[in-house]
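Report on one structure; see the data block that follows.
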Ligand SMILES: Cc1cc2nc3c(=O)[nH]c(=O)nc-3n(C[C@H](O)[C@H](O)[C@H](O)COP(=O)(O)O)c2cc1C
């Protein structure tokens with residue numbers, strides 16, 4: 001993988017860091033932080049996502065950001081520094097796919113709102129209609145419970161970085177809330193039902 005800062009810290013960015021006094025710190029920090037390839041924690045983080053945000057660049061220079069979601073694990077690490085995912089039916093505007101034809105560069109945000117973690121990723125996107133895609137790759141990217149397969153996408157990872165948790169709201173998925181409710185509130189509801197039945201017996205006695 002490449003150095004994240006070398007790609008994004010263009011002259012204007014560095015000038016602002018110089019003014020702020022952070023330039024030197026970042027210059028030392030980023031080479032150390034750059035990995036050759038993803039480690040097990042990165043891999044686990046990526047493969048436990050249920051969604052991500054993906055930014056592409058139009059041929060007119062406009063940035064565009066869209067959301068992708070699917071069953072947990074739909075975003076897969078299929079080789080060293082290579083991601084893949086199935087694109088499901090949407091509004092058929094094909095904006096991200098169309099952008100990638102003239103410029104394959106993308107930026108991803110992978111959020112874990114429960115643990116307040118955010119991975120930022122730069123890469124190169126290839127997206128094909130399912131009928132044109134390699135069948136073996138398509139099969140490798142399938143996830144149980146997924147909607148219809150419309151497009152097959154891969155992203156060659158160029159660089160990653162992590163953000164600090166500050167200002168990320170703590171949000172829980174429906175599944176996580178259900179687990180807590182099942183473990184705490186459900187037994188109380190059941191107990192309440194038993195007590196109400198007991199009370200009714202005494203009232204009727
Ligand atoms: C019926 C339907 C309608 C949708 N309408 C919109 C919409 O109006 N705006 C939007 O941003 N996404 C909408 N979506 C979600 C997008 O289609 C989906 O995120 C898709 O991946 C968009 O990809 P693109 O922006 O790269 O073209 C819709 C999805 C469905 C299934």
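Quick look at the values:
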{"quantity": "Residue list for region 31-64, restricted to those being within 15 Å of the ligand (Cβ to nearest atom) and either without any contact (Cβ under 8 Å) to a residue 24 or more places away in the chain or not assigned by TED's automatic domain parsing to the domain that holds residue 98 (or both)", "calculated": "62, 63"}
{"quantity": "Qualifying residue in region 175-198 (condition: in a strand (DSSP E or B) and either more than 24 Å from residue 80 (Cα to Cα) or in contact (Cβ under 8 Å) with a residue 12 or more places away in the chain (or both))", "calculated": "no"}
{"quantity": "Conditions (1) more than 16 Å from the ligand (Cβ to nearest atom); (2) under 19 Å from residue 120 (Cβ atoms); (3) touching a residue at least 40 places away in the same chain (Cβ under 8 Å); number of the one not met by residue 80", "calculated": "(2)"}
{"quantity": "Options 87, 134: the member that is closer than 21 Å to residue 77 by Cα, within 11 Å of the ligand (Cβ to nearest atom), in contact (Cβ under 8 Å) with a residue 12 or more places away in the chain and assigned by TED's automatic domain parsing to the domain that holds residue 62", "calculated": "87"}
{"quantity": "Residue satisfying condition, being under 17 Å from residue 66 (Cβ atoms) and within 16 Å of the ligand (Cβ to nearest atom), within set 106, 149", "calculated": "106"}
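Matching residues to (1) surrounded by 12 or more Cβ atoms within 10 Å (Cβ to Cβ); (2) modelled with pLDDT of 95 or more:
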| position | (1), (2) |
| --- | --- |
| 122 | yes, yes |
| 127 | yes, yes |
| 135 | no, yes |
| 151 | yes, yes |
| 158 | yes, yes |
| 161 | yes, yes |
| 173 | yes, no |
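The values are calculated or read from the model by the stated rules, or taken from the named source; none is laboratory data. Everything numeric here is computed off the predicted structure, so don't read it as measured data. Heads up, the Cβs are rebuilt from the backbone with ideal geometry, glycines too, and the neighbour counts pull from every protein chain shown.
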